[in-house]
Amino acid sequence: MAHASEELDHVKTKLKLQLAEMLQSVAVDHDKPLSREEIQGHLRQVWDHLSRDTRRLHLAPAEQERLFTEILDDVVGLGPIEPFLHDETVSEVMVNGPHEIFVERDGRLERVPARFNDAPHLMMVIERLLGSVGRSVNEASPLCDASLPDG
């Protein structure tokens, strides 16, 4: 079973890299940032190309959509915490490291299985989040309490 998970991680990494290459070339022709839907269209093109070249890439439609959502959340969203931001039952998301994510629901704190890949992945998301609200975090000031623009 771990082999299938490793293979999926490999495919996910390959998709992200090829998507990044495609987006760099597309960005030259655009004067404004691409929307999530436009990026998803490019991701589907990368997937189609990659799946033609690799016979092993056979995922059920639901698995493929979940993979696309995870990649889009990493590319334009806040990675593994993105789904919790859209969950109306979640009032707060707390991240205590790449592998420790907690949410508050109905006043109760619960650890969730979501994880960042590693510390650099977490820092990338932190920088994206804090940059959007005009804040920063660094070694001199490693703690930050921030809210998203929508509260």
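The values are calculated or read from the model by the stated rules, or taken from the named source; none is laboratory data. Only a predicted model underlies this, so the values are computations on that prediction, with no experimental measurement involved. Cβ: placed from backbone, ideal geometry, glycine included. Neighbour counts: every protein chain shown. Remember, those area values only see protein heavy atoms, side chains included, never the ligands or the DNA or RNA. Shrake-Rupley method; radii C 1.70, N 1.55, O 1.52, S 1.80 Å.
Among residues of region 1-20 that are in a helix (DSSP H, G or I), those with a beta-carbon under 9 Å from a residue that is open to solvent by 90 Å² or more (accessible area, probe 1.4 Å) and at pLDDT below 75 at least six positions away or on a different chain give the pairs E7/R56; V11/R56.
Can you spot a residue in region 53-76 that is touching a Ser or Thr at 6+ places or on another chain (Cβ under 6 Å) and not small (G, A, S)? Checking region 53-76: at least one residue is touching a Ser or Thr at 6+ places or on another chain (Cβ under 6 Å) and not small (G, A, S).
Checking each residue in region 60-98 for being open to solvent by 50 Å² or more (accessible area, probe 1.4 Å), within 20 Å of L19 (Cβ to Cβ) and either among the acidic types (D, E) or not in a helix (DSSP H, G or I) (or both) picks out E63, E65, E70. Just so you know, in region 99-147 the residues that are closer than 16 Å to D73 by Cα, in contact with a helix residue (DSSP H, G or I) (Cβ under 7 Å, 6 or more places away or on another chain) and part of a loop (DSSP other than H, G, I, E, B) include one that is most open to solvent (accessible area, probe 1.4 Å), and it is R115.
Contact map, region 46-59: first residue of a type in the set (A, V, I, L, M, F, W, C) and at pLDDT 65 or above, second residue open to solvent by less than 50 Å² (accessible area, probe 1.4 Å) and part of a loop (DSSP other than H, G, I, E, B), Cβ cut-off under 9 Å, separation 6 or more or different chains; pairs are W47/L57; L50/L57. Sub-7 Å Cβ pairs linking a first residue in region 67-80 that is without any contact (Cβ under 8 Å) to a residue 12 or more places away in the chain to a second residue that is not β-branched (V, I, T), at least 6 apart or interchain, are D73/G79; D73/E82, ordered by first then second residue. Given the conditions (1) more than 20 Å from L8 (Cβ to Cβ); (2) touching a strand residue (DSSP E or B) at 6+ places or on another chain (Cβ under 9 Å), and given that F116 satisfies all but one, which numbered condition is not satisfied? Failed condition: (1).
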